[in-house]
1. Is it the case that residue 135 is open to solvent by 20 Å² or more (accessible area, probe 1.4 Å) and among the hydroxyl-bearing types (Ser, Thr, Tyr)?
2. Give me the residue from region 94-114 that is in a helix (DSSP H, G or I), over 20 Å from the mean Cα position of the chain (by Cα) and in contact (Cβ under 8 Å) with a residue 40 or more places away in the chain and, out of that set, nearest to residue 41 (Cα to Cα).
3. Only residues that are in contact (Cβ under 8 Å) with a residue 40 or more places away in the chain and in a loop (DSSP other than H, G, I, E, B): list them for region 159-189, please.
4. Looking at this structure, is residue 222 at pLDDT below 95, open to solvent by 30 Å² or more (accessible area, probe 1.4 Å) and either at negative phi or within 19 Å of the chain's Cα centre (by Cα) (or both)?
5. So, in region 1-39, of the ones that are of a type in the set (D, E, K, R) and closer than 17 Å to residue 56 by Cα, which residue ends up least open to solvent (accessible area, probe 1.4 Å)?
6. Out of curiosity, is residue 158 in contact with a helix residue (DSSP H, G or I) (Cβ under 6 Å, 6 or more places away or on another chain), within 24 Å of residue 37 (Cβ to Cβ) and surrounded by fewer than 20 Cβ atoms within 10 Å (Cβ to Cβ)?
7. Taking the criterion of being aliphatic (A, V, I, L, M), modelled with pLDDT of 95 or more and outside any helix (DSSP H, G or I), would at least one residue in region 10-19 satisfy it?
8. Can you name every residue in region 135-165 that is under 27 Å from residue 253 (Cα atoms) and touching a Pro at 6+ places or on another chain (Cβ under 9 Å)?
Amino acid sequence: MNKVIFTADDYGAIPAIDQGIIKAVNAGKINSVAAFSNHHQFESKLKTLLDECDARKFEIGCHLTISSGKPVSGRKIGLLTRRGTLSLRKGKYFKKYTQMRRTRHVNRELNDLHYELSKQVEQFDRINVPISHLSCHHNTLFFFKDYHEVFFQVAKENGLAVRSPLNIPKAMNDLYMSMVVLRMFDNMSKENRHRILTHTRSMRAFLAHYNDLPKMPIALNTVHYGPLALPTNNLTDQEIDSFADEKNLALREDLSMDAPEEEVMEYVFHLIDDDYAKLDEFCKQTKFSNSKYTGIDSGYFDSRMAEQRALLNFDLSTLVSFQSWTNL
C-alpha cells in the first residue's frame, strides 16, 4: 500500500464545496482538509466541519491566500490588493493572482506578507482549532524565492508541516506556471516574470540548499486533476460520470505503482457536493459580495463534481494507507 495524505482544498469558500468536503470526510475518503481562514464566516464554517465530521479522524490545515477573499490583517502589502493596499475596509479584496505586482520596498513588502500569513494562521488559534499543516491557494507563495522563504518561516514559527512545492506530473505544473506568467504580462514586469519561472523550474535546487526545511510530503500528486476549461457548466450528468471514471482510473494506475516505504505522497482534490440538479444553484453561490474568492470558478464545477464522484463512488482502500501530517 502507498502511504498517502488525501487533502481536499478550498474549505470555507462556498457552501456547495464545504458540503462536498464534509461528505468526503464522513465517507472516509479524505483525511486532510485545507481551509481558508479569511472568510467572514470562518468560525461558524469551521464549527460546522468539526460538528458534522465529529466521528471521523482527519486533520485541518490553513489554506493561506494572497489572491482570494479579504486580508485578515490591516497591513499594506504593496500592490497585492485590488485597490493597492491591504485593508479590512469595505471593498478591499486581494487581487487575482494574475494581477499581482511586486513593489520597490521589498523588505517592507516581505514583513507585511509575513504579518498577514501569521494572522491567517492565528485565526485557528483564536477559536482553539489545532492545525497540522500549511498550503497556499493558487501556489502563489511558491512564485518567488523570497515569498517561499516567508512561507517556510511562518511554518517553522508555528511548528507546522507544509505542502510540497514539487508536483507530479511535473509537466502539468510547468504548463500551469507558463500560463500564469503569460496572463501576468500586463501587470508583472519582465524581470519578475522571469524570476517566477526561474524559481519554479529550479525548485529541487532551492529545497536542497534551504537550511532547516519544514516537514513535508515527498511531493504533491495531481495526476487525476484536470479541470475542463469550459465557459459554463454544460456537461451532462452522464458525461460527468465518464469524466469521473477517467479520473478514478488515473488515480488507480498511479496508486498501483509501488512507492518507497518511507515516502508519503499528498494527493489534492477539488470537490463539490454531488447534486447535478443543483449545479446552476451552486454556480450562483460564487456571486456573493462579502468574501470574493478568485479561483473558485463556477466554470470548473462540473470538473469538481467529477472529482467528487471519482473519490466517493470507488473503493481505493486496498491501495492506500492514510498518514498524518504530524508524523512526517
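The values are calculated or read from the model by the stated rules, or taken from the named source; none is laboratory data. Fair warning: this is a prediction, and the values are worked out from it, not measured in the lab. Cβ: placed from backbone, ideal geometry, glycine included. Neighbour counts: every protein chain shown. Heads up: the accessible areas ignore ligands, DNA and RNA and are worked out on the full protein's heavy atoms, side chains in. Shrake-Rupley method; radii C 1.70, N 1.55, O 1.52, S 1.80 Å.
1. Working: open to solvent by 20 Å² or more (accessible area, probe 1.4 Å): no; among the hydroxyl-bearing types (Ser, Thr, Tyr): yes.
Spelling it out, it is not the case that residue 135 is open to solvent by 20 Å² or more (accessible area, probe 1.4 Å) and among the hydroxyl-bearing types (Ser, Thr, Tyr).
2. Step one: of region 94-114, the residues in a helix (DSSP H, G or I) are 97-99, 106-114.
If we keep only those that are over 20 Å from the mean Cα position of the chain (by Cα) too, we end up with 106-112.
Keeping just the survivors that are in contact (Cβ under 8 Å) with a residue 40 or more places away in the chain gives 106, 110.
Working: 106: 32, 110: 28 Å.
Among residues in region 94-114 that are in a helix (DSSP H, G or I), over 20 Å from the mean Cα position of the chain (by Cα) and in contact (Cβ under 8 Å) with a residue 40 or more places away in the chain, the one nearest to residue 41 (Cα to Cα) is 110.
3. We begin by selecting, within region 159-189, every residue in contact (Cβ under 8 Å) with a residue 40 or more places away in the chain; these are 160-169, 172-173, 180, 183-184, 187-189.
160, 163, 164, 165, 166, 169, 184, 187, 188, 189 - these are the residues of region 159-189 that are in contact (Cβ under 8 Å) with a residue 40 or more places away in the chain and in a loop (DSSP other than H, G, I, E, B).
4. No, not satisfied.
5. Step one: list which residues in region 1-39 are of a type in the set (D, E, K, R), which gives 3, 9-10, 18, 23, 29.
If we keep only those that are closer than 17 Å to residue 56 by Cα as well, we get 18, 23, 29.
On the way: 18: 9, 23: 94, 29: 39 Å².
Applying the filter and picking the extreme gives 18.
6. Numbers: in contact with a helix residue (DSSP H, G or I) (Cβ under 6 Å, 6 or more places away or on another chain): yes; within 24 Å of residue 37 (Cβ to Cβ): yes; surrounded by fewer than 20 Cβ atoms within 10 Å (Cβ to Cβ): yes.
It is true that residue 158 is in contact with a helix residue (DSSP H, G or I) (Cβ under 6 Å, 6 or more places away or on another chain), within 24 Å of residue 37 (Cβ to Cβ) and surrounded by fewer than 20 Cβ atoms within 10 Å (Cβ to Cβ).
7. Checked region 10-19: no residue is aliphatic (A, V, I, L, M), modelled with pLDDT of 95 or more and outside any helix (DSSP H, G or I).
8. Within region 135-165, 139, 162, 163, 164 meet the criteria.
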